[in-house]
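Trainee: Starting off with a structure, shown below.
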Amino acid sequence: MIQVENLQHTFLIGKKGKEKRVPVLKGVNFEVKQGEIVAIVGKSGSGKSTLLQTLAGFMKSEQGSIKVNGQETAKLTETESAAFRLRQFGFIFQNFQLMPGLTAFENIELPLKLQGTSKAVRKEKVKKIMEKVGLAEVADHYPNELSGGQQQRVSIARALITNPPILLADEPTGSLDSETEQDILLLIQSLNREYGLTFVIITHDEEVATIAHRRFRMYDGELVKEDA
Ligand code: ADP
Ligand code: MG
């Protein structure tokens, strides 16, 4: 489903003319099969978010190849890349990134609205997914009226609502207490089992990695596969 070969990325840091080159991805190789939960575990600053950003096409890498569902993503134009990203990926972030002025229902509905889905279909789909992720009772709550765990459920529902085959999660439980973390991990596992959704989860948290079918470890820009 995803094949990454020799991916390299260097940031230029500092004042113009005096920039320092900081290699952050140093030839990363890995693959993700359909229906897998893959965890990329590593310390803060090891390059995990950079890897996810390049995977999603938010950032261009200067070397290497990324294939998603057979498509070499470097060959896409900016516009094609944005459309491709919307079709293939849902995103889950540590800080949820919900719209504060929209209710839980409206946050989840938003991607469908942007796609031009009719109101009746939107309502039906959002209702169904809210039940699935355990949010039926708080549909009309605003993000600041929800617990951290509930906010992350909203963000997961929003990521799923357009049916992307791959979910990319950057520290999905990083802002949650350990009990809520367990709830979210169980939800991710059940979505993976029931719908065959593919998850790539990056985390510094060993606990999160326990739900993965396969684990990779990131050390200072290099990725090492772990034995299952
Ligand atoms: P992680 O997600 O594992 O904590 P990141 O991928 O965020 O690591 O960062 C890896 C390294 O790249 C860090 O040293 C960070 O300072 C640097 N870095 C990240 N983003 C940028 C950027 N936009 N410009 C310059 N340096 C960056
Ligand atoms: Mg990060």
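Rule-based calculations on the coordinates, nothing more; no lab input. Computed from a predicted model, the values in this text were never measured in an experiment. Cβ atoms come from the backbone with ideal geometry, glycine included; neighbour counts cover every protein chain shown.
Trainee: State the antiparallel share, in %, of DSSP beta bridges confined to segment 106-228, rounding to the nearest 5. Each step should come with its number before you reach the end.
Mentor: Details: 4 of 9 bridges.
Around 45 percent of the beta bridges assigned by DSSP in segment 106-228 are antiparallel ones.
Trainee: Tell me the Rg and the Dmax, in Å, that the Cα atoms of segment 88-160 produce.
Mentor: Reported Rg and Dmax, both Å: 11.2, 31.
Trainee: Under the Karplus relation 6.51 cos²θ - 1.76 cosθ + 1.60, θ = phi - 60°, what is the ordered set of whole-Hz ³J(HN,Hα) values for segment 44-56, x standing for Gly and Pro?
Mentor: So the J values, rounded to whole Hz, are 4, x, 7, x, 5, 5, 4, 4, 5, 5, 6, 4, 7.
Trainee: If we count other beta carbons within 10 Å of each Cβ, what is the order of 78, 36, fewest first? Please list the in-between numbers first.
Mentor: Numbers: 78 9, 36 18.
Ranked by crowding around the Cβ, least crowded first: 78, 36.
Trainee: Now for a different question. What is the ratio of the Cα radius of gyration of segment 123-228 to 2.2 N^0.38 Å, with N the residue count, to two decimals?
Mentor: Details: Rg = 14.8 Å, N = 106, 2.2 N^0.38 = 12.9 Å.
Compared with the compact-globule rule of thumb, segment 123-228 sits at 1.14.
Trainee: Taking each pair of distinct Cα atoms in segment 11-68 once, what is the resulting Kirkwood hydrodynamic radius in Å?
Mentor: Values: mean 1/r = 0.0750 Å⁻¹.
By the Kirkwood definition, the hydrodynamic radius is 13.3 Å.
Trainee: Cα-based Rg (one decimal) and Dmax (whole number) for segment 9-110, in Å?
Mentor: 16.4, 49
Trainee: Could you run the Karplus curve 6.51 cos²θ - 1.76 cosθ + 1.60 with θ = phi - 60° over segment 6-23 and give me ³J(HN,Hα) per residue in whole Hz, x for Gly and Pro?
Mentor: Using θ = phi - 60°, the values come out as 6, 6, 10, 8, 10, 8, 9, 10, x, 5, 4, x, 10, 4, 10, 8, 10, x Hz.
Trainee: Name the residue from 157, 188, 146 whose Cα lies farthest towards the positive end of the charge dipole of the chain, charges +1 on Cβ of Lys and Arg and -1 on Cβ of Asp and Glu.
Mentor: Of the options given, the answer is 157.
Trainee: So what are the ³J(HN,Hα) numbers for segment 85-97, from phi and the Karplus equation (6.51, -1.76, 1.60; θ = phi - 60°), rounded to whole Hz, Gly and Pro as x?
Mentor: 4, 4, 6, 8, 10, x, 10, 10, 10, 4, 9, 6, 6
Trainee: If you place +1 on the Cβ of every Lys and Arg and -1 on the Cβ of every Asp and Glu, how big does the dipole about the Cα centre of segment 7-110 come out, in debye to the nearest 20?
Mentor: Working: 14 positive and 9 negative charges, 143 e Å.
Charge dipole of segment 7-110: 680 debye, to the nearest 20.
Trainee: Which of the listed residues, 29, 91, 10, is farthest toward the dipole's positive end in segment 5-96, when Lys, Arg count +1 and Asp, Glu count -1 at the beta-carbon?
Mentor: 10
Trainee: Using the number of other C-beta atoms within 10 angstrom as an exposure proxy, rank 12, 167, 110 with the fewest first.
Mentor: By the 10 Å Cβ count, ascending: 12, 110, 167.
Trainee: Using a basic spin-label model with each label point 7 Å from the Cα along Cα→Cβ, how many nm lie between residue 114 and residue 177?
Mentor: 3.3 nm
Trainee: Write down, largest first, the equivalent ellipsoid semi-axes of segment 61-117 in whole Å, where each equals the square root of 5 times an eigenvalue of the alpha-carbon gyration tensor. Write out the running numbers ahead of the final one.
Mentor: Working: eigenvalues 161, 41, 17 Å².
Working through the eigenvalues yields semi-axes of 28, 14, 9 Å.
Trainee: At each listed q (0.10 Å⁻¹), what is the log10 of I(q)/I(0) that the Debye formula gives for the chain modelled as equal alpha-carbon point scatterers?
Mentor: -0.47
Trainee: Roughly how big is the chain's charge dipole about its Cα centre, with Cβ charges of +1 (Lys, Arg) and -1 (Asp, Glu), in debye to the nearest 20?
Mentor: 920 debye
Trainee: Percent antiparallel among DSSP beta bridges with both residues in the chain, to the nearest 5?
Mentor: Values: 21 of 41 bridges.
DSSP beta bridges in the chain are roughly 50 percent antiparallel.
Trainee: Taking the Cα centre of segment 120-177 as the origin, how large is its charge dipole in debye, to the nearest 20, when only Lys and Arg (+1) and Asp and Glu (-1) carry charge on their Cβ atoms?
Mentor: 420 debye
Trainee: Could I ask something else about it? For the chain, what does -39500 (n - 2.57) per DSSP helix run (n ≥ 4), summed and divided by total residues, give at 222 nm, in deg cm²/dmol to the nearest 500?
Mentor: On the way: 7 runs with 80 residues, N = 228.
Theoretical 222 nm ellipticity from helices: -10500 deg cm²/dmol.
Trainee: Can you put 93, 199 in order, fewest other beta carbons within 10 Å first? Let's see the in-between values first.
Mentor: On the way: 93 17, 199 24.
Lowest count first: 93, 199.
Trainee: Take the cross-link list 60/113; 48/123; 33/125; 67/123 and give me the ones stretching past 30 Å between alpha-carbons.
Mentor: On the way: 60/113 28 Å; 48/123 36 Å; 33/125 27 Å; 67/123 34 Å.
The pairs that break the limit, which is 30 Å between Cα atoms, are 48/123; 67/123.
Trainee: Moving on to the next point. So what is the diffusion coefficient of segment 38-90 in µm² per second by Stokes-Einstein at 25 °C and 0.890 mPa s, using a Kirkwood Rh over Cα pairs?
Mentor: 205 µm²/s
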